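Novice: Have a look at the structure that comes next, please.
The values are calculated or read from the model by the stated rules, or taken from the named source; none is laboratory data. What you see is a predicted model; the values in this text were computed from it and never measured. When we count neighbours, we look across all protein chains shown, and the Cβ atoms used for this are built from the backbone with ideal geometry, even at glycine. Protein only, heavy atoms only, side chains kept; ligands, DNA and RNA dropped before computing areas. Shrake-Rupley method; radii C 1.70, N 1.55, O 1.52, S 1.80 Å.
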Amino acid sequence: MNVILISPHFPKANQYFAKSLKEQGVNVLGLGQEPYEQLPDQLKESLTEYFRVENLEDLEEAKRAVAFLIFKHGPIDRLESFSEYWLEFDAQLREQFNIPGLKSNQLTKTKHKSAMKKVFKKAGVPVVEGRLVKSVTGLTNALRQLGFPVVLKPDVGVGAQETFKISNHEELETFQAQWDDQVPYFVEPYIENGQLCTFDGLVDANGTIVFQTSFYYTSPALELLRDKLDYATVVEKEIDPKLADYGKAIVKEMGMKERFFHIEFFRLPNHDYIALEYNNRPAGGYILDLYNYAYSCDLYTIYAQMLTGKLPETLNLHQEYGVGIARRNHINYQHHLDDIRQKYQTACKLIEQIPDLFAPSMGDIFIAITASTPAEVEEIISYVMESV
């Protein structure tokens, strides 16, 4: 089996996918622009071959690289990047060389927020009604119907980047002054007191969910970016059945195969949920690792086994809470990293510097700790995030 990994060295999770794929007998072919000699040694050992291009965003150059790899190694069975950034790029390469997997015509409903809403409704899942706007006039008309406050999100975008909360006419004028109206925005009412949470997992070649989980954020995403806050993500020990039902309905309606999914919801004070976004990829950052710690599993291996038809019928999962905390360098914390290691011992699974590229949105230091009870979760968050 030949699998091409796009940008196999970055983010770091791709290196773990490469290792696990090789361990399952796959020929892993890397395609990236990083010089080969700068790749980590473990990644080099995982790759059957690495083709370096001058500019990975140059689709024609990438096509020539894939053509060479096919000439040398034979047909390509899969091509993947595990990244939102490369979704369209991956799909175009699959189409060009008839590689199984997600194609461009399947991306609209997972890239455009306006299209996601239609899928959520068809699946019978609650949504916030909104409007797609492409001009100042369209935005003005939408606000007459929706009122303040609203949230403005690029119709095609990743996470909370370039997302704005607009509460009054002054903030609206500020947004309009910098808005390139070549970029369509989706505008919807701002949800007060909604907790951001997820339904995440992995589907096999039949579209059957083989792994599912959920986590929640302790702070709203917009405020995290605006105020550079520290925050925690908590992997739940048990998934709320209502959330699971909504998530499964969306997964079925999306109809994806052999892919991770990451669905964002608001949990409301009345214990209902509103679907926000469907992402055709794993949760970003260190969340896959946090899942592994919480479930005592290896999702990189589970994915590789699924792809090669070696996945056990039943996964042996030992579940705990997973607490992921992102600290900011500009905050003076009461407890140093060595204090955290000493206090939590084996429950402290990871302390790592977040790459500079992601630090503005994700924080500077990521800490992963497992817990057995909700009280332990709260104690961990309080201790690690306590400031002077």
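Novice: Say whether the condition of being out of contact with any Cys (no Cβ under 7 Å at 6 or more places or on another chain), charged (D, E, K, R) and open to solvent by less than 40 Å² (accessible area, probe 1.4 Å) is met by at least one residue in the range 275-283. Reasoning before the result, please.
Specialist: Within the range 275-283, the subset out of contact with any Cys (no Cβ under 7 Å at 6 or more places or on another chain) is 275-283.
When the remaining residues are screened for being charged (D, E, K, R), the result is 277, 281.
Narrowing further to those that are open to solvent by less than 40 Å² (accessible area, probe 1.4 Å): 277, 281.
Checked against the condition, which is being out of contact with any Cys (no Cβ under 7 Å at 6 or more places or on another chain), charged (D, E, K, R) and open to solvent by less than 40 Å² (accessible area, probe 1.4 Å), the range 275-283 yields at least one hit.
Novice: Taking the range 347-368, which residues are open to solvent by 20 Å² or more (accessible area, probe 1.4 Å) and either in a helix (DSSP H, G or I) or of a type in the set (F, W, Y) (or both)?
Specialist: Across the range 347-368, the qualifying residues are A347, F358, P360, S361, M362.
Novice: Scan Y333, Y303 and give me the residue that is closer than 29 Å to M256 by Cβ and in contact (Cβ under 8 Å) with a residue 24 or more places away in the chain.
Specialist: Y303
Novice: Another question, then. Condition first: touching a helix residue (DSSP H, G or I) at 6+ places or on another chain (Cβ under 7 Å) and either in a loop (DSSP other than H, G, I, E, B) or basic (K, R) (or both). Now tell me which residues in the range 179-211 satisfy that.
Specialist: Selection gives D181, D204.
Novice: Now, a different point. Show the residue pairs meeting these rules: Cβ distance below 8 Å; 6+ apart or different chains; first residue within the range 222-238 and more than 23 Å from T370 (Cα to Cα) and of a type outside the set (S, T, Y); second residue modelled with pLDDT under 85 and surrounded by fewer than 15 Cβ atoms within 10 Å (Cβ to Cβ).
Specialist: Listed pairs, sorted by first residue: L225/Q161.
Novice: Also: Please state which one of S46, S81 is closer than 25 Å to G309 by Cα, hydroxyl-bearing (S, T, Y) and touching a residue at least 60 places away in the same chain (Cβ under 8 Å).
Specialist: Step by step, each of S46, S81 is checked, and only S81 is closer than 25 Å to G309 by Cα, hydroxyl-bearing (S, T, Y) and touching a residue at least 60 places away in the same chain (Cβ under 8 Å).
Novice: Among the residues of the range 118-133, which ones are in a helix (DSSP H, G or I), in contact (Cβ under 8 Å) with a residue 40 or more places away in the chain and under 22 Å from the mean Cα position of the chain (by Cα)?
Specialist: Once the filter is applied, which keeps residues that are in a helix (DSSP H, G or I), in contact (Cβ under 8 Å) with a residue 40 or more places away in the chain and under 22 Å from the mean Cα position of the chain (by Cα), the range 118-133 yields V119, F120.
Novice: Can you confirm whether the range 291-300 contains a residue that is within 27 Å of P126 (Cβ to Cβ) and either touching a Phe, Trp or Tyr at 6+ places or on another chain (Cβ under 9 Å) or surrounded by fewer than 22 Cβ atoms within 10 Å (Cβ to Cβ) (or both)?
Specialist: Taking every residue of the range 291-300 in turn, at least one turns out to be within 27 Å of P126 (Cβ to Cβ) and either touching a Phe, Trp or Tyr at 6+ places or on another chain (Cβ under 9 Å) or surrounded by fewer than 22 Cβ atoms within 10 Å (Cβ to Cβ) (or both).
Novice: So which pairs qualify, if the first residue must be in the range 23-38 and on the phi < 0 side of the Ramachandran plot, the second must be of a type in the set (D, E), the Cβ gap must be under 6 Å, and the two must be at least 6 apart or on different chains?
Specialist: Going by the 6 Å Cβ cut-off, the qualifying pairs are L29/E49.
Novice: Does R267 satisfy being farther than 21 Å from K248 by Cα and among the charged types (D, E, K, R)?
Specialist: No; evaluated as a whole, the condition is false for this residue.
Novice: Considering V384, V323, which residue is among the β-branched types (V, I, T) and either modelled with pLDDT under 95 or over 20 Å from the mean Cα position of the chain (by Cα) (or both)? Even if it seems obvious, please write down each step before you answer.
Specialist: Working: V323 fails: either modelled with pLDDT under 95 or over 20 Å from the mean Cα position of the chain (by Cα) (or both).
From the options V384, V323, the qualifying one is V384.
Novice: Restricting attention to the range 188-204, and to residues there that are at pLDDT 95 or above and aliphatic (A, V, I, L, M), which single residue is surrounded by the fewest Cβ atoms within 10 Å (Cβ to Cβ)?
Specialist: Checking each candidate, the answer is L202.
Novice: Please verify whether the range 319-342 includes one or more residues that are over 21 Å from S387 (Cα atoms) and surrounded by fewer than 12 Cβ atoms within 10 Å (Cβ to Cβ).
Specialist: Taking every residue of the range 319-342 in turn, none turns out to be over 21 Å from S387 (Cα atoms) and surrounded by fewer than 12 Cβ atoms within 10 Å (Cβ to Cβ).
Novice: For residues in the range 143-158 being open to solvent by 30 Å² or more (accessible area, probe 1.4 Å) and touching a strand residue (DSSP E or B) at 6+ places or on another chain (Cβ under 9 Å), which is nearest to N280 (Cα to Cα)?
Specialist: V158
Novice: May I pose another question? Cβ-Cβ below 7 Å, separation at least six or inter-chain, first residue in the range 166-177 and without any contact (Cβ under 8 Å) to a residue 40 or more places away in the chain and among the β-branched types (V, I, T), second outside any helix (DSSP H, G or I) and open to solvent by 50 Å² or more (accessible area, probe 1.4 Å): which pairs?
Specialist: So the pair list comes out as I166/F148.
Novice: Starting from the range 309-329, take each residue that is within 23 Å of D364 (Cα to Cα) and list its partners that are assigned to a loop (DSSP other than H, G, I, E, B) and open to solvent by 40 Å² or more (accessible area, probe 1.4 Å), counting only C-beta distances under 8 angstrom and pairs at least six apart or across chains.
Specialist: Hits for this filter: Y321/K237; Y321/S372; Y321/T373; R328/K228; R328/L229.
Novice: Which residue, of N98, N105, is farther than 25 Å from Y185 by Cα and open to solvent by 50 Å² or more (accessible area, probe 1.4 Å)?
Specialist: Just one listed residue meets the conditions, N98.
Novice: Mind listing whichever residues of the range 129-142 are surrounded by fewer than 18 Cβ atoms within 10 Å (Cβ to Cβ) and hydrophobic (A, V, I, L, M, F, W, C)? Give the derivation first.
Specialist: If we filter the range 129-142 for residues that are surrounded by fewer than 18 Cβ atoms within 10 Å (Cβ to Cβ), which is where we start, we get 129, 131-132, 134-138, 140-141.
Passing the criteria: L132, V136.
Novice: Among the numbered criteria (1) open to solvent by less than 60 Å² (accessible area, probe 1.4 Å); (2) more than 21 Å from the chain's Cα centre (by Cα), which single criterion is violated by Y303?
Specialist: For Y303, the failing item is (2).
Novice: Here's something else I'd like to know. Residues of the range 161-178 being open to solvent by 60 Å² or more (accessible area, probe 1.4 Å) and assigned to a helix (DSSP H, G or I), which ones?
Specialist: H169, E170, E171, E173, T174, A177, Q178
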